[in-house]
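Structure record follows, encoded as structure tokens.
The values are calculated or read from the model by the stated rules, or taken from the named source; none is laboratory data. Since the model is a prediction, treat every value here as computed from it, not as a measurement. Glycine gets a Cβ as well: all are built from the backbone with ideal geometry, and neighbour counts include every protein chain shown. Each accessible area value is taken on the protein alone, full model and side chains, heavy atoms only, with ligands, DNA and RNA left out. Shrake-Rupley method; radii C 1.70, N 1.55, O 1.52, S 1.80 Å.
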Amino acid sequence: MSIDYDSITNRGEYLSAHYFAEQLQTDLKKGLLATWTLRESDDNDPRKTPRERLRALRGTYLADELRGYFVKTAETDADAGDEGRPATYDNPEWGKRLAEWHQTVLDALGYGAAPAELTVHRAGRDHTLPVAYHGHGIIALDCGWATDNDAAIDATGPGRLLTPLRLSASESYET
């Protein structure tokens, strides 16, 4: 019953290999997906499930205005070579549009809160980090746009934070 999810990457083996390969699919089918299926087939429950809300975003995402824009900006930066990232990270409009899209997806998933800040304690000091969402044990950070999971974790590309965490003049985290 092993399964490969294009949308989930088990980097660093956050989930055990056995659970990811053998148990996750069963847990999803009997739990969350079964609940969504019941709600979607209940004529008396008008609430949309995250699955329905995400499907409804497909047309918006695939439109040239959104996905086409992100593809074009990524290609422009790839062509720029060592000249920086003029169409993406060095472009405030790109960051704004990408953060807005992240909020749209988070809202569809049921995490409707607006961007927030999270205070973390490190080495006796508090640091404030802008986040797309935090709550219920989940933290979502705004990073770049990528065409696939492997590209999404590229620390020199889409894996970079839209707003890096600066701890001091000499210490910052961009990924």
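Structure data summary
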item: Net charge dipole size for the stretch 94-175 [Lys, Arg +1 and Asp, Glu -1 on Cβ; Debye, nearest 20]; result: 240
item: Using alpha-carbon coordinates, inclination of helix 32-41 to the longest axis of the chain, degrees; result: 60
item: Built amide H within the under 5 Å cut-off of D90, gap 5+; result: R85
item: Full-extension gain in nm, A34 to T156, via 0.36 nm per residue minus C-alpha separation; result: 40.0 nm
item: The stretch 34-73-the stretch 92-148 distance, computed between alpha-carbon centres (Å); result: 20
item: Amide proton proximity set for V131, modelled H, under 5 Å, gap of 5+; result: A116, E117, L118
item: Rg/Rh ratio calculated on Cα atoms of the stretch 74-175 (Kirkwood radius); result: 0.99
item: Paramagnetic label zone (point 7 Å from Cα along Cα-to-C-beta, N91; backbone N under 20 Å) in the stretch 40-69; result: 60-69
item: For the chain, calculated [θ]222 nm from helices alone, where every DSSP H run of n ≥ 4 adds -39500 (n - 2.57); result: -10000 deg cm²/dmol
item: Projected label distance in nm at T60 and A116, using a 7 Å step from Cα toward the beta-carbon; result: 2.1
item: Solvent-accessible area per residue, Å², over the chain with all protein chains present [probe radius 1.4 Å]; result: 66
item: The chain: Lys pairs at Cα distance under 30 angstrom, eight or more positions apart or on different chains; result: 4
item: Descending semi-axes in whole angstrom, ellipsoid equivalent of the stretch 25-90, from the Cα gyration tensor; result: 40, 15, 8
item: Rounded to whole Å, sorted largest first: equivalent-ellipsoid semi-axes of the chain, Cα gyration tensor; result: 31, 22, 18
item: Global geometry of the stretch 77-117, whether rounded, prolate or oblate, following the gyration tensor of its Cα atoms and the 1.5 cut on a/c; result: prolate
item: Cα-centred dipole magnitude for the chain, charges only on beta-carbon of K, R (+1) and D, E (-1), debye, nearest 20; result: 580
item: Theoretical FRET efficiency, 1/(1+(r/R0)^6), r = Cβ-Cβ of E171 and R47, R0 30 Å, to 0.05; result: 0.10
item: The stretch 1-155, relative contact order [Cα under 8 Å, separation at least 6], %; result: 14
item: Whole-percent carbon and sulfur share, accessible surface of the chain, 1.4 Å; result: 52
item: Amide H within-cut-off set for L161, under 5 Å, with H built and near neighbours excluded; result: T175
